[in-house]
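So the structure is just underneath, and the comments pick up after that.
The values are calculated or read from the model by the stated rules, or taken from the named source; none is laboratory data. Not measured: the values here are computed from a predicted model. Keep in mind that these areas ignore ligands, DNA and RNA; they rest on the heavy atoms of the full protein, side chains included. Shrake-Rupley method; radii C 1.70, N 1.55, O 1.52, S 1.80 Å.
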Amino acid sequence: MAGLLAAGLMAWALSAPDAQRLQRSARALGPQAEQGAAALLSMMGLLDLRDTDQALGEVNRFFNRRVSFRDDREVWAAGDHWASPLETLAKGAGDCEDFAIAKYFTLLAAGVPAERMRLVYVRARIGGASGVSQAHMVLAYYAQPQAEPLILDNLIDEIRPASRRPDLTPVFSFNTEGLWQGVGPVSAGDPVARLSRWREVLLKAAQEGFLP
């Protein structure tokens, strides 16, 4: 494991000065977090941000395949818990918010600008046109401010443009810089002030080394 961590830390150092902090945080959370962090750092070392499809695909697949979907009540014995990336890797399980959060902070730490990504709270129609609508969260990537976003989702590995996800209806979106109605330009206020769980996960992500 030490060798993997060392290799990962070398890759992480290319884009983040806080790799040692991430290593310490993973160690404190236990062996599964250490193993997950080592794999994450190694994967990040292979990312080429000049190839958007490759970078987004690697991060999306990493969490979709390493993390099992579980309800917060099962994982955390809580009604709604937003986990940090290392907490999710330590548990090896999480719900839709945890997948989206982990992908967001990984891409952010790898050098993707915050303004190109939004976490999007949606109503997802499960089971086709007559299916049940339920709350869900995905990560949207914008190549340009007005571009159609690409959707990273724990439900499927394929990253599709929003127009090919008619099963998703946006409610609001946010990132480290803002909060918006739907996915449009209309501001809905300060996400840190209005979303207490986002405020908490930002603090945890910073402590773990995903934020400076």
- Task: Kindly provide the Kirkwood hydrodynamic radius of segment 165-212 in Å, to one decimal, from all pairs of distinct alpha carbon atoms.
- Result: 11.9
- Message: Roughly how far apart, in whole Å, are the Cα centres of segment 46-96 and segment 172-212?
- Response: 17
- In terms of the alpha carbon gyration tensor, root eigenvalues a ≥ b ≥ c, rounded if a/c is under 1.5 and otherwise prolate when a/b exceeds b/c or oblate, segment 14-64 is oblate
- Taking each pair of different alpha-carbon atoms in segment 37-98 once, compute 1/r for the pair, average those values, and report the inverse of that mean as the Kirkwood hydrodynamic radius in Å to one decimal. 12.5
- P(r) weight above 22 Å for segment 100-209, C-alpha pairs, percent: 30
- Carbon/sulfur accessible area of segment 84-212, % of total, 1.4 Å probe, equals 53
- Principal axis dimensions, the chain - Cα atoms, whole angstrom, descending: 50, 40, 33
- Item | Percentage relative contact order, the chain, counting C-alpha pairs under 8 Å, at least six apart | 19
- Task: Could you state how much accessible area ARG66 has, in square angstrom rounded to the nearest 10, with a 1.4 Å probe and all protein chains kept in place?
- Result: 100
- With N set to the residue count of segment 112-176, report its C-alpha Rg divided by 2.2 N^0.38 Å to two decimal places. 1.10
- Quick one: Debye curve from the C-alpha atoms of segment 70-149, no solvent, what's log10 I(q)/I(0) at q = 0.12, 0.26 Å⁻¹? -0.42, -1.17
- Message: From the helices alone, meaning DSSP H stretches of at least four residues, give me the mean residue ellipticity at 222 nm for the chain, per-run term -39500 (n - 2.57), in deg cm²/dmol to the nearest 500.
- Response: -13000 deg cm²/dmol
